[in-house]
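These notes are about the structure you will find just below.
The values are calculated or read from the model by the stated rules, or taken from the named source; none is laboratory data. All of these numbers come straight from a predicted model, not from anything done at the bench. Here Cβ is always computed from backbone atoms with ideal geometry, including for glycine, and neighbour counts include all displayed protein chains.
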Amino acid sequence: MKTCEKCNRELELSEYEIDKRHQDGHKDVCIQCQQQVENKKINTIEDKITKYFKKNHIDLYKQIQIKAIIEDKSFINALVDSIEVNDKYKIK
Ligand SMILES: [Zn+2]
């Protein structure tokens with residue numbers, strides 16, 4: 001058993017991600033808390049990108065937003081799909 005640093009619940013070691021850098025081989029934060037932190041990070045980045053487009057490229061923002069709604073995607077996914085990578089940037 002191990003107590004999660006974040007939610008303070010006492011959980012089985014299997015509830016923690018494996019991390020060899022730690023003494024007991026598991027992270028100090030349970031999987032559930034870990035996922036919350038990651039989701040939050042993604043949300044913040046998405047939020048920043050969305051705001052940036054809204055502020056600086058409103059026409060593009062609208063186009064992508066429409067695409068996102070039609071294709072039932074998040075703004076970011078619609079944006080990523082809209083980007084065409086030039087041949088010379090392809091990894092060989
Ligand atoms: Zn936790």
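Of the residues 64, 58, 31, which is exposed (fewer than 14 other Cβ atoms within 10 Å of the Cβ) and without any contact (Cβ under 8 Å) to a residue 40 or more places away in the chain?
Numbers: 64 fails: exposed (fewer than 14 other Cβ atoms within 10 Å of the Cβ); 31 fails: exposed (fewer than 14 other Cβ atoms within 10 Å of the Cβ).
The match here is 58.
Could you please give the count of residues in the stretch 1-17 that are of a type in the set (Ser, Thr, Tyr) and under 8 Å from residue 28 (Cα atoms)? Final tally of qualifying residues: 2.
Looking across the stretch 1-16, just one residue is surrounded by 13 or more Cβ atoms within 10 Å (Cβ to Cβ) and more than 9 Å from the ligand (Cβ to nearest atom), and that is 2. Of everything listed in (1) out of contact with any Leu (no Cβ under 6 Å at 6 or more places or on another chain); (2) surrounded by 14 or more Cβ atoms within 10 Å (Cβ to Cβ); (3) part of a helix (DSSP H, G or I); (4) modelled with pLDDT under 95, the single unmet condition for residue 73 is (3).
Return yes or no: is residue 20 more than 9 Å from the chain's Cα centre (by Cα), assigned by TED's automatic domain parsing to the domain that holds residue 2, farther than 17 Å from residue 77 by Cβ and in a loop (DSSP other than H, G, I, E, B)? Yes; evaluated as a whole, the condition is true for this residue.
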